[in-house]
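Participant: Could you have a look at this structure, given as structure tokens, before my questions?
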Amino acid sequence: MQFETIIGLEVHAQLLTESKMFCRCSAGYASADPNTHVCPVCLGLPGALPVINHGAVQATIMTGLALTCSIPEYSKFDRKNYIYPDLMKGYQISQYDLPLCGGGVLPLVIDGKRKDIGITRVHLEEDTARLVHRTANGETYSLVDVNRSGVPLMEIVSEPDMRSPEEARAYLMALRQILRYIGVSTANMEEGAFRCDANVSQRTLDGSVIGPKVEIKNMNSFRSVERALAFEVERQRKALRDGEALVQETRGWVEDQGITVSQRTKEFAHDYRYFPEPDLPPLVLDRAEVDGIQSRMAELPTARRDRFIEQYGLNEREAELLTVEREVADFFEVTVDGDADRAREASNWITGEIFALMRDSGLELDDVNISPEQIRELIELVGEDTINNRTAKEVLVAVHETGKSPREIVEERGLAQVSDEAQLLAVVRSVVDEHPDAVTDYQNGKKAAIGFLIGQVMKQMRGTANPGVARSLLEQTLAERVTS
Ligand SMILES: [Zn+2]
């Protein structure tokens, strides 16, 4: 039997608002002491009334617009009822039948080909409190930290359009990139600001066998999503081939064993008894507000990549590398500073030396001690022949280590390139005198020997010799030696 994999993803992303979704408590819970960002609303005390955080509504609409969703004029919040220790009120305020954003698209590029993944909806809800599980004296117990309760959470639901674990991973990376570009979420998966549940099933290409849909939870990194899905695809295909019964269920990914295990079957599925939230007014969205949000939205990664190719004459690969993270794209454009002639050099420095520095040191761009202005200065120093490319790389490392400007470092360390012919000629002559074998090789037609001699000149000059001038002086001197 030939199977096709069907994958749909649900992503929960925490929004970067100052305050929580329905109260004025700070939403920044990560570094706070437990249970310090709490009030009667997010503690779920009887009689406390929620108030809508419009910043969260706008961030959700901006996300919808970035995914080319339609934004209806009328939306509302609903109660999703269930009981769990981390759910303070016994219900979660969410959105059921009238979400803030309807059908959209996220375009992916897979193996050089464009593939559009449908977005079913984007809606807004509140996060739950956090349970911390402990063991002491052989007993296990759980603690509740209410700081996270009521933090704005956006749910982005895709259509079941993905056909492989690799496509699912590409979708998540593209989605994270967009959320970061428009600045609505850190979308950091390891910190729990970007969580993914996956629905996966199998069907035969002719449609004669359709396997049940299985939901997978507990995946904490892009890699674990890909691994969990790959495991599940194989498990389901084997069961279908062997004629074993597969059930519609929820399974959890067990990272250290690399397997999924059954958590809940359909018989125990929740009935959430949704109904409209009586404590909140419906959301009526006027066109002007939606247009205003659209006009404030940052340029999206694909648009920026295309513009980089067009405006700066970069190739596709360079443009791709420079636009993966918004910070890098911004850094590049400040370096170029409107002068397209500088784009090539700027791209080379950033994707070459800066990326290498980040890789070697494990630092993010923000933590690298080099500014776009300093890269520009370095490009100028090379352009005006003050230093050569090799010295420039040394200077860059020194800028990162000392925080001094490239010009200061060149002056302090005497790294300025020497183009003065009289000074270079003296060195050239001494090198020629010291290496008669190389001179003989050169005169016997081994022209490559001049490379060795230039290297010797560079060595004596601590890399500061102008290589072009050094070469022509060497050629001249060697020619004279032949005739003399
Ligand atoms: Zn509160």
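Participant: Filter the GluC sites (Glu not before Pro) in the range 241-324 to those in DSSP coil with at most 11 other Cβ atoms within 10 Å of their Cβ, and list the result.
Facilitator: Those that pass, being in a loop and sparsely packed, are Glu244.
Participant: Please state the equivalent ellipsoid semi-axes for the range 1-121: what are the square roots of 5 times the Cα gyration tensor eigenvalues, largest first, in whole Å?
Facilitator: Largest first, the range 1-121 gives 33, 17, 16 Å.
Participant: Okay, next question. Can you work out the FRET efficiency for the pair Val418 and Glu380, with r the C-beta to C-beta distance and R0 = 22 Å, to the nearest 0.05?
Facilitator: It comes out at approximately 0.75.
Participant: Shifting gears a bit: What order do you get for Phe3, Phe275, Phe331, Phe308 when you list them from fewest to most C-beta neighbours inside 10 Å?
Facilitator: Starting with the residue having the fewest Cβ neighbours, the order is Phe275, Phe3, Phe331, Phe308.
Participant: Now for a separate question. All other residues with a Cβ under 15 Å from the Cβ of Met21 taken together, and with Lys, Arg as +1 and Asp, Glu as -1, what is their net charge?
Facilitator: -1
Participant: Can you list the HN-Hα couplings for the range 336-344, worked out from phi with the Karplus curve (6.51, -1.76, 1.60; θ = phi - 60°), rounded to whole Hz and with x for Gly and Pro?
Facilitator: 5, 6, x, 9, 4, 5, 8, 4, 4
Participant: Still on this structure: Give the dimensionless ratio obtained when the Cα radius of gyration of the range 421-483 is divided by 2.2 N^0.38 Å.
Facilitator: For the range 421-483, the normalised Cα radius of gyration is 0.99.
Participant: Just from its helices, what would the mean residue ellipticity at 222 nm be for the chain, if runs of 4 or more DSSP H residues each count -39500 (n - 2.57) and the sum is divided by every residue, rounded to the nearest 500 deg cm²/dmol?
Facilitator: Calculated at 222 nm, the ellipticity per residue is -12000 deg cm²/dmol.
Participant: Contour minus end-to-end for Glu364 and His54, with contour as 0.36 nm per residue of separation and end-to-end as the Cα-Cα distance?
Facilitator: Going from the current span to full extension adds 108.4 nm.
Participant: Between their Cα atoms, which of Lys115/Lys217; Lys20/Lys80; Lys80/Lys217; Lys76/Lys217; Lys20/Lys217; Lys20/Lys213 are more than 29 Å away from each other?
Facilitator: Correct reply: Lys20/Lys213.
Participant: What is the extension gain from Glu411 to Glu234, computed as 0.36 nm multiplied by their sequence separation minus the C-alpha to C-alpha distance, in nm to one decimal?
Facilitator: Gain in length upon complete extension: 57.4 nm.
Participant: Same structure again: How about the range 447-479: which trypsin sites (Lys or Arg not before Pro) there lie in a loop by DSSP and see at most 15 other Cβ atoms within 10 Å?
Facilitator: In loop regions of the range 447-479 (DSSP not H, G, I, E or B), the sparsely surrounded trypsin sites (Lys or Arg not before Pro) are Lys447, Arg462.
Participant: If you don't mind, another one. Relative to the present Cα-Cα distance, how much length would full extension add between Thr265 and Lys213 at 0.36 nm per residue of separation?
Facilitator: Residue separation times 0.36 nm, minus the Cα-Cα distance, leaves 17.6 nm.
Participant: Okay, moving on. Please order Leu143, Leu15 by the number of other Cβ within 10 Å, starting at the fewest.
Facilitator: So the ranking, lowest neighbour count to highest, is Leu143, Leu15.
Participant: Sticking with this one: What do you get for Rg/Rh over the chain if you use C-alpha atoms and the Kirkwood form of Rh?
Facilitator: Taking Rg over the Kirkwood Rh, I get 1.13.
Participant: Once you put a point 7 Å from the Cα of Ser295 and another 7 Å from the Cα of Asp339, both along the Cβ direction, what distance in nm separates them?
Facilitator: Taking the two extended label points, one gets 3.4 nm.
Participant: Suppose each label sits 7 Å from its Cα in the direction of the beta carbon; what would the Asp97-Asp116 distance come out to in nanometres?
Facilitator: About 2.8 nm separates the two model spin labels.
Participant: Let me ask something additional. Using a basic spin-label model with each label point 7 Å from the Cα along Cα→Cβ, how many nm lie between Gln460 and Glu190?
Facilitator: Taking the simple label geometry, Gln460 and Glu190 are separated by 5.2 nm.
Participant: While we're on this one: Using a Förster distance of 45 Å, how high is the FRET efficiency between Asn348 and Glu4, based on the Cβ-Cβ distance and rounded to 0.05?
Facilitator: The value I calculate is 0.55.
Participant: Report ³J(HN,Hα) in whole Hz for each residue of the range 205-215, in order, from the Karplus equation J = 6.51 cos²θ - 1.76 cosθ + 1.60 where θ = phi - 60°; Gly and Pro get x.
Facilitator: Whole-Hz 3J(HN,Hα) from phi for the range 205-215: 4, 8, x, 6, 10, 10, x, x, 7, 10, 9.
Participant: Once phi is turned into ³J(HN,Hα) by the Karplus curve 6.51 cos²θ - 1.76 cosθ + 1.60 with θ = phi - 60°, what whole-Hz value does each residue of the range 425-442 show in order, with x for glycine and proline?
Facilitator: 4, 4, 5, 4, 5, 5, 5, 4, 5, 7, 10, x, 4, 5, 5, 4, 3, 4
Participant: To continue, here is another question. For Asn220 and Tyr74, what is the calculated FRET efficiency with R₀ set at 35 Å and r taken between the beta-carbons, to the nearest 0.05?
Facilitator: 0.45
Participant: Could you tell me which trypsin sites (Lys or Arg not before Pro) in the range 1-85 are loop residues by DSSP with no more than 15 other beta carbons within 10 angstrom of their beta carbon?
Facilitator: For trypsin sites (Lys or Arg not before Pro) across the range 1-85 that sit outside H, G, I, E and B with at most 15 neighbouring Cβ atoms in 10 Å, the list reads Arg24.
Participant: What fraction of the Cα pairs in the range 296-412, stated in percent, has a spacing above 21 angstrom?
Facilitator: Here the tail beyond 21 Å accounts for 36 percent of pairs.
Participant: Based on other C-beta atoms within 10 Å, arrange Ser295, Ser70, Ser419 from fewest to most.
Facilitator: Ser295, Ser70, Ser419
Participant: Roughly what angle does helix 301-312 make with the longest principal axis of the chain, taking Cα atoms, 0 to 90 degrees, to the nearest 10?
Facilitator: Computed tilt is about 20 degrees.
FYI, it's all coordinate maths here, none of it is from the lab. Here the structure is a predicted model, which is why all the values come from computation and not from measurement. Here the Cβ is made from the backbone with ideal geometry for all residues, glycine too, and neighbour counts use every protein chain on show.
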